[in-house]
Every structure is written in C-alpha cells, then in structure tokens.
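Everything below concerns the one structure shown next.
Please treat every number below as a calculation from the coordinates, not as lab data. Predicted, not measured: the structure shown is a model, and the values here were computed from it. Cβ atoms come from the backbone with ideal geometry, glycine included; neighbour counts cover every protein chain shown.
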C-alpha cells in the first residue's frame, strides 16, 4: 500500500501501541513505511506534534537508515545484495537483467512510480545467494529465470502475498552441528537450574566457564555480567545484538530460526543474574521475515510463565523481552550505536568510557551480548562450567559457529570446538584450489594458503564467525575493492577521519582499477591506515584498511599488475577528459594531446 488516505487513523493506533514514547521512534518509522511505502511529510508532522520532538530529529533519524525513505520509492522496492559472495554468484548480471526488463536505471524510481531497483550491502544470505529484498521480504537463490518471473510479477502488480512461496524459502543449511545446534533442552529447563543457583552463582558459573563474547572481540562474558550486576542504579536491562551485518556472517540467523528458545533462555538467565526487568532483541532489518515467528515464541514463553511476572512461579522474578527492528545500518552492530538506535536515535557510536554495563540503554546498566553468546551462556549453565570449559582450548572455551560461504560446494553453518584449523573447515565444506580465506568478514583478516594450518580461537584467529572462501580463479584486488566500497557506504559519517578516509580509500582503489594507479597510491593507503587507526571514533574506521593491507601482503601482484606507472599520477586524467573534444573537432594528432613530461 503506497497511499496515505488512512494515515491519521493508522498513526493514532501506532502512537497508542507505542505509548507515545519517543524512544520507539525508529519502530514507528519502520511500521509507517511498511504500511504506506514511505514516510510522508504529514506523518512526520503528526509524530513531531504527538511525541513533542522537532521535525528535524525525525527526518534526521529517517535519513540515517538506508531502508527508510522520505520520498516515494516505488510500490516495489527491490534491493539486490551487493556482498562479494553474491557478486561471485552473478548478482550484477541479474540486476542488469531486471533493469532491462523493467526499463529502469539502478537507483531510480520508474516514471509510473511502480518500482525502484538498487543494491544493499549484505542480506545475510551468503549461503544461498544471490539474494534480494523486495519491500523488505527476503528472496534467495536468484537465477535468470527467477528474476524474469519476478519482473513479470512486478509489472502485473501482483501482491507479494501471491508470489510463489518457494521464492521466500530460507534454509538453515546446518552442515555440522555441536552442543549449541544439537541442544534439545525443553523451554524452561535451563531457567530452573539458574533459579536454583541464584544471581550471584550464575555470574560465577559463567565466569568459571571461561565464556568469552562471540562477536569477535572476546570480552569475558561473566566479567561483563558482574560489572552490570554491581553497577549503581535500580533499573537494569538485557540487550541481545541480532544485528549481524558483517558480510559473510549468518550464524545468528540460523540460531534464531532453530534455537530461539535457547536464545531467550540465555537472555532470561542473564536478567536473573544482573537483576534486569527489561530485555530487547535488536533484529537486523534484513531479517524482517523472522519477526512474527519470534514474537510467537515470546508469547508462548509468556503463556508458559517463562517470561513476564513471577517467572516459573518465583515472586520477584519479573522479566520480559521486546523485539526492536533495525533498518539497514551496519554501524548499529557496534554496541553503543545499537543502544542509540534502541533509544530511537541515529545509530552513532558513543564515546567510551562510560561503557554500557554502567551507562547503557537510557544511561542505565545494560548487559549487551550477541545471539551466540546468550546461547553459549545458557549451555554453560545447563552442562556446568567445568564441562563447558572442557570444550575447545585453554583460552577459548566452548564451541564456535562458522558461517561458510564463497567457493565451496557446501556453504552453510558449521559448529566446531574452538581450536579447529582453517584447513579442516575447508576440507569439510569441500573447497578445492583455495587461494585465500577471509576470516571474520571485511573487518577481519585475509589469509593465504601458507596459513591454512592456523586455528580459530582467541589465541590465534579470533572470529565473529564469517569464513569466506576464494579459489584461484578470484581476483583478490576486486574482493578487497568490494569490501572498501562497503566500508565507505556504511560509515555513519560522525567523525571526519572515517567519513573522509573511507571515501579516499574507495577513490584510490577505483583509481587503481581504472588503470591510473601508481606505487605512490599503495604507499598512501598505508599512510591512510595510520590516520584511521589513531583517530577514528569507532572500529569501523580503524578496520577499514584491513582488506587492502592484508591482500597487499599476500597478493601484491594483484595490485602491481594494475599499476600504470611507478610514479605519481593524479586521479583526474585531463588528457583523457579531452577525448570527446578531439572527437568533435576531428583531431587526434600529437598537438591535440597534452604533452607528457619526461621523468
């Protein structure tokens, strides 16, 4: 629906449902757009008046998130995933085919307002791409035939509800399971163990288990919960980060599909441990299709006294969970940016300290972990700290979910005890002639064949879970260039070093790709990395040069073969820009060209 005829009645109900609370602004904007196709000026006026906040704030929030639109963007909003693995599977050709079929340019809205086609960074479907989003709905395993069918459905204005169901099929693709994915505990079983322990002993058990955060940084989970439990203040919160926006990562998607009760069990026992009454699951916008199933599970848990007042009949054990949707902002995977987004603001990372454990949601103590961490915490309570610590290695206890994608016949989710080697994972997924593996997404590390004996774990290769495979047919320069474009697109723009630095890095890689690069440009990339490392506000800027530096280290010929000169060359080719003028005047002699200075 793209009209605003029922806007007043819709907004009345919307505001009532959200209690006229400005902290729910992002959720209200998401629901408004889902109903009407865009966020119209009358909606902004109404929200500003009723919430008592300036229009500029509402427009600023809407403008920050790539999935929100302040002007009509078509009855059908098509976004092709532009992740490198989707590109490797032919997403660019598929997008061109659809644009030709619908007589449309990428990034434009058709003249009749029917459709727009563009790209999005990553849909979290790297194991079953190429993928796209249509009005927020995920479509997987695109082919030329499927794209042609979708074009016809759009042209005929067929409602999405009437599209073939198999278009929207999302598979878990669990290839190797372990204690998390094989967990068969009944809802409430782990909570009963936790209740018998009590809050302080839960924290000690998690500490003794050696559990570290599964987002890549590896901060000790028990230490985080202990700090939140002992932080001053009467109100505490538990937040689950399900905004896994790192390209190549999709493990949390599978856990939320196959082990949602374990996720919510982990959040609830954390609430018992730290004394929280409120919890949030921040779900990335690309996983909109999971919203209703997860809400149904939460309601079932409430009905079974596993959420709400007096959980399991225990007076004073009150805790409930709300789901908040993201709207297309990679930066919101950073914990403080996520909290800002939860509060209905632009997802700009906060300055730290203070940290969320003392000043998190609404400046109150907040325990924030990702989906896999909460599942692992629940497992540690279920099997006991010693048994949990026995899995994995001395410094990396438990198991780890790996999202495998790229050049392999069996992409999907693999669960291993920490300490598995890269080579073992490659063998299990059937990869052959592998040239490189990108560990932990673009912000991680790219390793060559000589390092395939290295092991996944905090002692060697810490990872958030992404494992992208590239065989010997791939151009690692183009892989790094795709990652650089990703960082430039996803920079929140808050700090100048990152905003300008990622743009400069993108321009330099494009200059090299166009055949105008020199060794000077490669040196400048290293200098730029030093600036970003020392002055960026958050981790996005500090890791933006990683893809280039790591591929330069291992695959330098992929860059040097593109270099036009060993000396400096300006990014703007003035002589090339005069080619059109020469063509118009019919001159192409030496005098019509700029003279090249001899060096």
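May I ask for the percentage of alpha-carbon pairs in the range 175-389 that lie more than 32 Å from each other? Here the tail beyond 32 Å accounts for 9 percent of pairs.
Could you list 396, 535, 66, 450 so that the one with the fewest beta carbons within 10 Å of its beta carbon is first and the one with the most is last? It would help to have the intermediate numbers written out before the result.
Numbers: 396 22, 535 14, 66 17, 450 8.
If I rank by nearby Cβ atoms, fewest first, I get 450, 535, 66, 396.
The relative contact order of the range 175-389 comes to 31 percent, based on Cα pairs under 8 Å that sit 6 or more residues apart. Debye-formula intensities of the range 261-314, expressed as log10 I(q)/I(0) at q = 0.15, 0.27 Å⁻¹, are -0.45, -1.20 (one equal scatterer per alpha-carbon, no solvent). Distance between the C-alpha centers of the range 272-319 and the range 411-463? Whole Å please. With the range 272-319 and the range 411-463 each reduced to a Cα centre, they are spaced 35 Å. If you take the Cα centroid of the range 203-265 and the Cα centroid of the range 151-177, the two points sit 32 Å apart. Taken over the range 406-478, the convex hull of the Cα atoms encloses 86 Å³ per residue.
Evaluate 2.2 N^0.38 Å with N set to the residue count of the range 372-417, then give the Cα radius of gyration divided by it. Don't jump to the answer; show the numbers that get you there.
On the way: Rg = 12.8 Å, N = 46, 2.2 N^0.38 = 9.4 Å.
Compactness ratio reported: 1.36.
Quickly estimate the mean residue ellipticity at 222 nm for the chain, helices only: each DSSP H run with n ≥ 4 gives -39500 (n - 2.57), and the total goes over all residues, rounded to 500. Write down the numbers at each step before the final one.
Values: 26 runs with 255 residues, N = 599.
So the helix-based figure for the chain works out to -12500 deg cm²/dmol.
The reciprocal of the average 1/r between distinct C-alpha atoms defines the Kirkwood hydrodynamic radius, which for the range 477-560 equals 12.5 Å. In terms of its C-alpha gyration tensor, the range 76-171 comes out oblate, because a/c is 1.5 or above while a/b does not outweigh b/c.
With contacts taken as Cα pairs under 8 Å at a separation of at least 6 residues, the chain carries a relative contact order of 13 percent.
Distance from the C-alpha centroid of the range 501-559 to that of the range 31-65: 38 Å, rounded to the whole angstrom. Footprinting exposure proxy ranking of 376, 91, 310, fewest other C-beta atoms within 10 angstrom first, gives 310, 91, 376. May I ask what percent, to the nearest 5, of DSSP beta bridges between residues of the range 400-472 are antiparallel? Percentage antiparallel, nearest 5: 75.
If both residues of a DSSP beta bridge must be in the chain, then about 45% of such bridges are antiparallel. Radius of gyration over Kirkwood radius for the range 7-64, both on Cα atoms: the Rg/Rh ratio is 0.90. Kindly identify the range 279-343 as rounded, prolate or oblate by the Cα gyration tensor criterion: order the square roots of the eigenvalues as a ≥ b ≥ c, call it rounded if a/c is under 1.5, otherwise compare a/b with b/c, prolate if a/b is larger, else oblate. Oblate, because a/c is 1.5 or more while a/b does not exceed b/c.
Rank these for me by crowding, 95, 362, going from fewest to most other beta carbons within 10 Å.
Arranged by neighbour count, lowest to highest, 95, 362 become 362, 95.
Computed over the range 103-234, the convex hull of the alpha-carbon atoms projects to a mean area of 14.0 nm².
Kirkwood hydrodynamic radius (Cα pairs, Å) of the chain?
Details: mean 1/r = 0.0391 Å⁻¹.
For the chain, the Kirkwood estimate is 25.6 Å.
Axis angle, to the nearest 10 degrees, between helix 199-209 and the longest C-alpha principal axis of the chain: 50 degrees. For the range 179-255, the calculated P(r), taken from all Cα-Cα distances in 5 Å bins from zero up to the bin holding the longest distance, is 3, 11, 16, 22, 24, 16, 7, 2, 0 percent. For the range 402-490, the relative contact order works out to 33 percent when only alpha carbon pairs closer than 8 Å and six or more residues apart are counted.
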